[in-house]
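Presented below is the structure to which this report refers.
The values are calculated or read from the model by the stated rules, or taken from the named source; none is laboratory data. Quick caveat: nothing in here was measured; it's all calculated off a predicted structure. Cβ atoms come from the backbone with ideal geometry, glycine included; neighbour counts cover every protein chain shown. Just so you know, the surface numbers come from the protein's heavy atoms only, side chains and all, with ligands and any DNA or RNA stripped out. Shrake-Rupley method; radii C 1.70, N 1.55, O 1.52, S 1.80 Å.
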Amino acid sequence: MSATRYTYLGPEGTFTEAALRTLPEAATRELVPMVSVPAALDAVRNGEAAAALVPIENSVEGGVTATLDELASGEPLMIYREVLLPIAFALLVRPGTKLSDVKTVTGHPVAQPQVRNWLRTHLPEALWESAASNADGARLVQEGRFDAAFAGEFAAATYGLEPLVTEIHDAENAETRFVLVGRPARPAAPTGADKTSVVIWLGDDHPGALLELLQEFAVRGVNLMLIQSRPTGAGIGNYCFAVDAEGHISDRRVGEALMGLKRICPKVRFLGSYPRAGVTADEVRTARPGTSDAEFVAAAEWLARSQDGRA
């Protein structure tokens, strides 16, 4: 395995590359762009890279399905950290292009919902066609296949383009969440501001099946930060659920919730416990009464005393 190589969703000039370069260790790693999320993750699986940074959630469009599906299937991988990146688009064009010249536009499919209203107002007749990434859209404009691309302003110089319009976004404070993914290992020690990610498969489809899963978290006071259903490929109506929960697997309430899920579900895939981006332990809400580690320990000790006749 190459311990000095990180892959990411390419080509050069993507928001994913920009997010990766915010990590301190990126300065000492070989950063290799890949053509797709599956390609970036497969490089980790087959030992060509130590880790991959890929997008997993957008504050406007929701979960990035390519990443969720890849993490739910194939050889297991694990999330080690997350990065939040504010997202604003620039309309990149070849030098000399005016807004009235733009008849065709491109960008990543996740970008379209974030600029839909701007397009409707400023380029109502322009035809949209999706690209593999925003930077790949910029490359296609450079090659003359499209008139303009929605991408990060920082991609303009890489592809010899000009930002015709900047700071384009339909939603204020839009962000994309990226995750650094590697091969499974022991999670890092808890920080007090952590997140645990899992994928859960239902045993069978019956009334209240999803409620039973959610109750494993609720009765232990574990707050859920994301839950998204994804088809398993086994037929209509067969789903698994990607879940992000507040806390670390070493927290008693989180660990017991995962054990509860493992008892009632045919399959649970642990995707990692890792620090939450932009949050400190002081900012995390206090555990509900009865859900702290100390209270779990006290309850276990009471049960042991009761079993020994010492209660």
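Working only within region 290-311, note down all residues that are at negative phi, modelled with pLDDT of 85 or more and not in a helix (DSSP H, G or I). Of everything in region 290-311, those that are at negative phi, modelled with pLDDT of 85 or more and not in a helix (DSSP H, G or I) turn out to be Thr291, Ser292, Asp308. Taken over region 255-289, the residue count meeting the criterion of being surrounded by 11 or more Cβ atoms within 10 Å (Cβ to Cβ) and part of a helix (DSSP H, G or I) is 10.
All of (1) in contact with a Leu (Cβ under 9 Å, 6 or more places away or on another chain); (2) part of a helix (DSSP H, G or I) hold for Ile249 with one exception: (2). Quick check on my filter: what residues within region 49-65 are surrounded by fewer than 22 Cβ atoms within 10 Å (Cβ to Cβ), at pLDDT below 95 and in contact with a strand residue (DSSP E or B) (Cβ under 8 Å, 6 or more places away or on another chain)? Asn58, Ser59, Gly62, Gly63, Thr65, listed by residue number. The set of residues from region 84-99 being surrounded by fewer than 18 Cβ atoms within 10 Å (Cβ to Cβ), within 25 Å of Glu57 (Cβ to Cβ) and of a type in the set (A, V, I, L, M, F, W, C) comprises Leu84, Ala88. Within region 138-150, the set of residues being in contact with a Phe, Trp or Tyr (Cβ under 9 Å, 6 or more places away or on another chain) and in contact (Cβ under 8 Å) with a residue 40 or more places away in the chain comprises Ala138, Arg139, Val141, Gln142, Ala149, Phe150. The residues on offer are Val141, Val181, and the sole one that is outside any strand (DSSP E or B) and open to solvent by less than 50 Å² (accessible area, probe 1.4 Å) is Val141. Just one of the numbered conditions (1) among the β-branched types (Val, Ile, Thr); (2) outside any strand (DSSP E or B); (3) closer than 17 Å to Thr104 by Cβ is not true of Val165; which one? For Val165, the exception is condition (2). Checking region 128-138 against the condition returns no match, with no residue being open to solvent by 60 Å² or more (accessible area, probe 1.4 Å), touching an Asp or Glu at 6+ places or on another chain (Cβ under 8 Å) and of a type in the set (Asp, Glu).
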